[in-house]
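Engineer: Below you'll find the structure I mean.
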Amino acid sequence: MDQYPTIRLIVAKGDALAAITGLLPLLGALAAMALGWHWLVLPAGAIAAAVVYLLMRSYVELVRVIADMLIPK
């Protein structure tokens, strides 16, 4: 798997990548509130964070399945 460094990274650190990526919308909402945006930005950011996290988790699982089945070991 040396010729696929990105897939190796996703397989090895996918859970952390999903968590970090999932936190980004929430952090963006907090930053927007700090700049004076409406308070409803925070619940929208929390919902977006949950959706992004679930999408990233499913992507990581798909990459792991594909890597496990198709890449020779």
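What follows draws every value from the coordinates through simple rules; no lab data is involved. The structure presented is a predicted model; accordingly, all values stated were derived computationally and were not measured. Ideal geometry is used to build each Cβ from the backbone, glycine not excepted, and the neighbour counts take in all protein chains shown.
Engineer: How long are the three semi-axes of the equivalent ellipsoid of the chain, in whole Å, if each is the root of 5 times an eigenvalue of the C-alpha gyration tensor, listed from largest down?
Structural biologist: Gyration-tensor ellipsoid for the chain: 34, 11, 6 Å.
Engineer: Which value in nm describes the separation of the simple spin-label points at L23 and I66, placed 7 Å from the Cα toward the beta carbon?
Structural biologist: Roughly 2.7 nm, to one decimal.
Engineer: Between segment 37-73 and segment 5-26, how far is it from one alpha carbon centroid to the other, in angstrom?
Structural biologist: After rounding, the separation between the Cα centres reads 8 Å.
Engineer: Could you list the chymotrypsin sites (Phe, Trp or Tyr not before Pro) in segment 7-73 that lie in coil according to DSSP, counting only those with at most 15 other Cβ atoms within 10 Å of their Cβ?
Structural biologist: W37, W39
Engineer: Tally Lys/Arg at +1 and Asp/Glu at -1 over every other residue whose Cβ is under 15 Å from the Cβ of I20; what's the total?
Structural biologist: Combined, the nearby Lys, Arg, Asp and Glu give +1.
Engineer: Something else: Please work out the FRET efficiency for the pair A12 and L54, using the Cβ-Cβ distance as r and a Förster radius of 22 Å; give the result to the nearest 0.05.
Structural biologist: Using R0 = 22 Å, I get an efficiency of 0.60.
Engineer: Using the Cβ atoms and a cut-off under 14 Å, what net charge is assigned to the surroundings of S58, where Lys and Arg are +1 and Asp and Glu are -1?
Structural biologist: 0
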